[in-house]
Amino acid sequence: MLHCEIDHLVITASSLDDGAEYVRRALGVTPQVGGEHSLMGTHNCLVKLGDTTYLEVIAVNPVAPKPNRPRWFELDALQRDASPRLATWVARVNDIDAALSASPVPLDRIEPMSRGQLNWRITIPADGSLPLQGVAPLLIQWAAAHPASQLNDLGCSLVRLEGFHPEAERIAAMLKAVGFDGEFTIAPLSSHEKPCLVAFIQTPVGVRQIGTP
């Protein structure tokens, strides 16, 4: 039986420093250094949100060679003056091949990735786009170790994640098909409204919000 839950939230930024500062202002904590993704020419920093949940800030690595493919999370489209934003989320599944086949939302293909001692498989559209403007999740399956187990506990935890999209029913159908169970709600928008995500995170100074509905 397929089972799926929230794995991590993804904040994209024009630089890692800008993204980390955004998190410091929003949550009052400093993200922990992550590492580099050589295949994508990106690097990240992280905040633990639970035993198997975290927040990722990701940006183009300015000292890495440009990959011979589009970078993930639409990072190639970011302008230098773009503000950091909650761009998408990633859902962890127990069988990524079956989940990809079951999803009514096209997720393109599964690719193996690594960072240091971490290894995983993840759905990555070939053009670097985000499914349904990032409100539908990418899917991931970890090989063994989970990055949250290597992060310091800063007193943060995910309370809930909310999505808003004109095709809310389609996203709900996708999540049902892959066996999703977790603190995510999806609400409809009119066709002229902009899709978005909003995360509510418990911090040492109370519940804070990332994203704007």
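Structural remarks
One line per residue, one yes/no per condition, for (1) farther than 13 Å from Leu139 by Cα; (2) modelled with pLDDT of 95 or more; (3) polar (S, T, N, Q):
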{"residue": "Thr53", "(1), (2), (3)": "yes, yes, yes"}
{"residue": "Arg85", "(1), (2), (3)": "yes, yes, no"}
{"residue": "Val93", "(1), (2), (3)": "no, yes, no"}
{"residue": "Ala99", "(1), (2), (3)": "no, yes, no"}
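- Once region 164-185 is narrowed to residues that are touching a helix residue (DSSP H, G or I) at 6+ places or on another chain (Cβ under 8 Å) and more than 22 Å from Ile96 (Cα to Cα), the residue that is surrounded by the most Cβ atoms within 10 Å (Cβ to Cβ) is His165.
- Some residue of region 36-46 being out of contact with any helix residue (DSSP H, G or I) (no Cβ under 8 Å at 6 or more places or on another chain), surrounded by fewer than 19 Cβ atoms within 10 Å (Cβ to Cβ) and of a type outside the set (Ser, Thr, Tyr): yes
- For region 72-104, filtered to residues that are within 14 Å of the chain's Cα centre (by Cα) and of a type in the set (Lys, Arg), the residue that is nearest to Arg208 (Cα to Cα) is Arg85.
- Reported count of residues in region 101-152, each being hydroxyl-bearing (Ser, Thr, Tyr) and either surrounded by fewer than 18 Cβ atoms within 10 Å (Cβ to Cβ) or over 25 Å from Leu197 (Cα atoms) (or both), is 4.
- Selection count, region 158-192, where residues are free of Cβ contacts under 8 Å to residues at least 60 places away in the same chain, outside any strand (DSSP E or B) and over 18 Å from the mean Cα position of the chain (by Cα): 9
- Within region 193-212, residues that are assigned to a loop (DSSP other than H, G, I, E, B) reach partners that are charged (D, E, K, R) with beta carbons closer than 9 Å, at six or more positions or on different chains, in the pairs Pro195/Glu167; Gly211/Arg85; Gly211/Glu162; Thr212/Arg85.
- Candidates in region 139-157 are the residues that are of a type in the set (A, V, I, L, M, F, W, C), in a loop (DSSP other than H, G, I, E, B) and within 21 Å of Leu2 (Cα to Cα); of these, the one that is modelled with the highest pLDDT is Ala143.
The values are calculated or read from the model by the stated rules, or taken from the named source; none is laboratory data. From a predicted model like this one, the values you see are computed outputs, not experimental measurements. As a convention, Cβ positions derive from the backbone with ideal geometry for all residues, glycine included, and neighbour counts pool all protein chains shown.
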